[in-house]
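In what follows, a structure is listed as structure tokens, so that the remarks can point back to it.
The values are calculated or read from the model by the stated rules, or taken from the named source; none is laboratory data. For clarity, every value in this text was computed on a predicted model and none was experimentally measured. We place every Cβ from the backbone using ideal geometry, glycine too, and count neighbours over all the protein chains shown. Side chains are part of the model used for accessible areas, which takes the heavy atoms of the whole protein and leaves out ligands, DNA and RNA. Shrake-Rupley method; radii C 1.70, N 1.55, O 1.52, S 1.80 Å.
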Amino acid sequence: MWAGVAAGVILSAVVCYGVATQQWIAGSAEGDWVYPYIAAYDARHARMFARLAAGALILLTIPVNRRTAWRLVVVWILAATLAHWHLRTKAPISIERVFLSPGANSFYTLAQERRPGEILANFEQVRLEAPMHAQSNLPGKTLLVHALEMVSTRTDVLPWLLVILSNLGALLMFGLARDLFSDDRAALYAAVLYLFTPSRVFFFPLMNTVTPVFVLLFAWLTVRWFMTGRSSYAAASGVALYALVFFEPLPLVMGLLLGALGIAAIARGDIRVERFVAHAGLMVLVFVAVAVAVDVATGFHLWQAVRAIGKHAVAFNEAVGRPYGVWVRANLIEFMFAAGPAQVVLAIIAAAAAWRPSGSLRDWLSAPIVVTVCGLFAVLITIDLAGINRGEITRLWIFLACFFQLPAAYACAGLNNRAAIAAVLAITLLQVSLSTAMIGWVVP
């Protein structure tokens, strides 16, 4: 496993060098979408990385046990939020300017123009009249802005409320990883890597950085259902599923991962087939009930809205001329950068290391880490081949990049040496520091 850590860190270091020298291209010139460089490298970037890495290494020295693990996650959330503030204050474009930009964050613009009831009751008309990004999204993101304005209407506070909300996903990542791997250290490392997932940090304070919270909530409740066999978790999963689709339907592809975890749970005897089928029916029933209730109460038709934005995505690719053949390759390279090169390498290594020559293929395939890795790559390949997103996947696939932190955390924890997670986190912080300061991920 150490060889995997070394290979991942070296690959990440090569990519970081490419960013520092502006030789790395984020996107595809052939595919007609590239994130531009907006600043050259200077010594301030190295100093920023040094400060972030020093703080992270100090926190990593705190011992992890079951009693203190949750509290450590909270400490990391606070520290990460401070680190994100530091990164954004040094960036060429302020976080407030990004949040207020109709081109970058049209959900705030739409929230100022339309009230929640009007958006839901006349969604299709409102969508067609909205700024660009709001046209291709369901109303959940705009309504979240309205919800946050109940806390504060200050435009210098609202974007940081979104950052904090996104960072709270670390608690869900911790819970999911602990349930999957039964390891507090792996769970803490997963939460830490989530907090510094490159693509998530690049696109603060856009709504795509909040999407992982909804996906993680649904995934964690579903895994709890598999583990406990309780109908209450299945019902809660139905509600969480509606919230996810209402906010962003693209992550439904994560059903491939959850389906694989469900099959593995049945194979291990964690849940009987009859109970699984009954609870799956309950989850679907609750989802439909919530959809009908919202329809009756507000006039918002979920399935009509999903079909409309699906057609919009297809039309967009045709309008801007993004060829499938180019992006089906380029998306994978861009995703490696979005999730972290070291994390992608460790996902493969973690699954391979679970193989035991004395064991059977069935035992290997049913191991939680192998199921997780195979499920994640199935999601990645499926969403790539579908061709719905061609370019800009550093932003659009943030939710998947966050899940790729799970096997990396498992691999680092399995080595039982803080040097592993320290190396992966340090090189990730270097990538984040350089890329946030030098590349124009969001240019208002």
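Annotations for the structure displayed:
- GNM flexibility winner over the chain from Thr155, Thr21, Thr394 (Cα, springs under 10 Å): Thr21
- Between Leu365 and Leu59, the simple label model (points 7 Å from Cα in the Cβ direction) yields a spacing of 4.0 nm.
- Built amide H within the under 5 Å cut-off of Ile439, gap 5+: Ile38
- About the centre of its Cα atoms, the chain shows a dipole size close to 960 debye [charges on the beta carbon of Lys, Arg (+1) and Asp, Glu (-1) only; nearest 20 debye].
- Scaled radius of gyration (Cα, divided by 2.2 N^0.38 Å) that the stretch 110-244 gives: 1.19
- Taken one residue at a time, the phi angles of the stretch 304-313 give Karplus couplings (6.51, -1.76, 1.60, θ = phi - 60°) of 4, 5, 4, 4, 5, 6, x, 5, 4, 5 Hz. Gly and Pro are set to x.
- Residues of the stretch 106-138 falling in the label zone of Leu252, defined by backbone nitrogen less than 14 Å from a point 7 Å along Cα to beta-carbon, are 138.
- For Ala187, net neighbour charge (Lys/Arg +1, Asp/Glu -1) across residues whose Cβ lies under 15 Å away: +3
- Cα gyration tensor category, rounded, prolate or oblate, for the stretch 1-131 with a/c compared to 1.5: oblate
- Relative contact order (%) - the chain, alpha-carbon pairs under 8 angstrom, separation at least six: 30
- Residue among Ala56, Leu168, Leu282 farthest towards the positive dipole end of the chain, charges placed on Cβ: Ala56
- Net charge over other residues, Cβ less than 12 angstrom from the Cβ of Leu143 (K, R count +1; D, E count -1): +1
- Extending 7 Å from Cα along the Cβ direction at Thr228 and again at Ala297 yields two label points whose distance is 2.4 nm.
- Under the criterion of Cα pairs below 8 Å and six or more residues apart, the relative contact order for the stretch 324-420 equals 47 percent.
- Built amide H within the under 5 Å cut-off of Val34, gap 5+: Ser28
- In this rough spin-label picture, where each label sits 7 Å from Cα along the Cβ direction, the Val75-Trp2 distance is 2.8 nm.
- Over the stretch 223-322, relative contact order from alpha-carbon pairs under 8 Å, at least 6 apart, %: 36
- Of the whole protein surface, Ser182 contributes about 100 Å² of accessible area at a 1.4 Å probe radius.
- The stretch 158-177 and the stretch 255-328 have Cα centres separated by 23 Å.
- When the Cα positions of Thr68, Val9, Ala46 are compared along the charge dipole of the stretch 1-137, Thr68 comes out farthest toward the positive end, with charges on each C-beta of Lys, Arg, Asp and Glu.
- In order along the stretch 49-62, the phi-based Karplus estimate (6.51 cos²θ - 1.76 cosθ + 1.60, θ = phi - 60°) of 3J(HN,Hα) comes to 4, 4, 5, 5, 5, 4, x, 5, 5, 5, 5, 5, 7, 6 Hz; Gly and Pro are listed as x.
- For the stretch 212-219, Karplus couplings with θ = phi - 60° (6.51, -1.76, 1.60), whole Hz, Gly/Pro x: x, 5, 5, 5, 5, 4, 5, 5
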